[in-house]
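The structure under discussion appears below in the form of structure tokens.
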Amino acid sequence: PSPKTFNDPFDGQVQWARSLQRALATQGLSSERKEALVKILTQFEDRDPLKVLEPGVFCFTRDLQNALMWAHYARSHQGVCFYYSFPPTYFAKRYETPNAEGLYFVGHDRVHYGDNAFLRWLLKGDLNKPCKGYVAENAIVKMMTTKAQNWAYEEEWRIVTSKPGRLYFDPEYLEAINVKILIGKD
């Protein structure tokens, strides 16, 4: 799905320009980090990544039993939860080149909750993850994996692709199917 369809309208709405300016104004940055931040800023100056780009963002949770997750994402406790266990490089290898729809893997990460998570990454995070040498793309992944602290119960991980579309999972990595059925009280 597109970030435009998130159930939280503030999700993915990172103040990236302000964060980059604050990071660049921070004293004591290494010249290497400062250079990487300038590279991100330069690449985003001509095209606001949150307005021009429309990545696909695939959301997953680690907690199969969380009642709030079932309420929010599983048709009010009537859905099905598929539990997969993928090798660390699965999506990078499977979607490293554009598929027929032009969709390709940009990166993945656990969601970082709290105020200024993107700024913290700019100042102290590994700018070469998930893909070494692609700091602007990594910044987009970080923007799409930053959420307000109130959502921390989700224990979310996200996969970011070049555009919305469908991902196909090999069934060999399916470990469990969890079905939640509501039974009436009368």
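The values are calculated or read from the model by the stated rules, or taken from the named source; none is laboratory data. Owing to the predicted nature of the structure, the values given are computational and were not obtained by experimental measurement. Note that each Cβ is placed from the backbone with ideal geometry, even for glycine, and that neighbours are counted across all protein chains shown. When the accessible area is computed, the model is the full protein with side chains, heavy atoms only, and any ligands, DNA or RNA have been set aside. Shrake-Rupley method; radii C 1.70, N 1.55, O 1.52, S 1.80 Å.
Take the conditions touching a residue at least 60 places away in the same chain (Cβ under 8 Å), out of contact with any strand residue (DSSP E or B) (no Cβ under 6 Å at 6 or more places or on another chain), open to solvent by 40 Å² or more (accessible area, probe 1.4 Å) and among the hydroxyl-bearing types (Ser, Thr, Tyr) and apply them to TYR153. Does it pass? Let's see the steps before the verdict.
Numbers: touching a residue at least 60 places away in the same chain (Cβ under 8 Å): yes; out of contact with any strand residue (DSSP E or B) (no Cβ under 6 Å at 6 or more places or on another chain): yes; open to solvent by 40 Å² or more (accessible area, probe 1.4 Å): yes; among the hydroxyl-bearing types (Ser, Thr, Tyr): yes.
Yes; evaluated as a whole, the condition is true for this residue.
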| field | Failed condition for VAL57, given (1) assigned to a strand (DSSP E or B); (2) more than 18 Å from GLY12 (Cβ to Cβ) | value | (2)
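Across the range 59-88, which residue is most open to solvent (accessible area, probe 1.4 Å) among those that are hydrophobic (A, V, I, L, M, F, W, C) and closer than 16 Å to GLU172 by Cβ?
Pass one, the range 59-88, residues hydrophobic (A, V, I, L, M, F, W, C): 59-60, 64, 67-71, 74, 80-82, 86.
With the extra rule that they be closer than 16 Å to GLU172 by Cβ, the set shrinks to 82, 86.
Numbers: PHE82: 111, PHE86: 53 Å².
By that ranking, first place goes to PHE82.
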| said: Give me the residue from the range 94-126 that is open to solvent by less than 70 Å² (accessible area, probe 1.4 Å) and farther than 28 Å from ASN150 by Cβ and, out of that set, nearest to the chain's Cα centre (by Cα). | reply: PHE105
| field | Matching entry among LYS129, LYS147, LYS142 (being of a type in the set (D, E, K, R) and either open to solvent by 50 Å² or more (accessible area, probe 1.4 Å) or in contact with a His (Cβ under 6 Å, 6 or more places away or on another chain) (or both)) | value | LYS129
| query | Among the residues of the range 1-9, is any more than 15 Å from the chain's Cα centre (by Cα), loosely packed, with under 13 Cβ neighbours inside 10 Å and charged (D, E, K, R)? | reply | no
| Scan of the range 25-44 for residues that are assigned to a helix (DSSP H, G or I) and surrounded by fewer than 10 Cβ atoms within 10 Å (Cβ to Cβ), ordered by number | SER31, GLU32
| field | Residue check, PHE91 over 21 Å from LYS4 (Cα atoms) and open to solvent by 40 Å² or more (accessible area, probe 1.4 Å) | value | no
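Inspect the range 103-125 for any residue being β-branched (Val, Ile, Thr), at pLDDT 85 or above, in a loop (DSSP other than H, G, I, E, B) and more than 22 Å from LYS34 (Cα to Cα) and give the result as yes or no.
Within the range 103-125, one or more residues are β-branched (Val, Ile, Thr), at pLDDT 85 or above, in a loop (DSSP other than H, G, I, E, B) and more than 22 Å from LYS34 (Cα to Cα).
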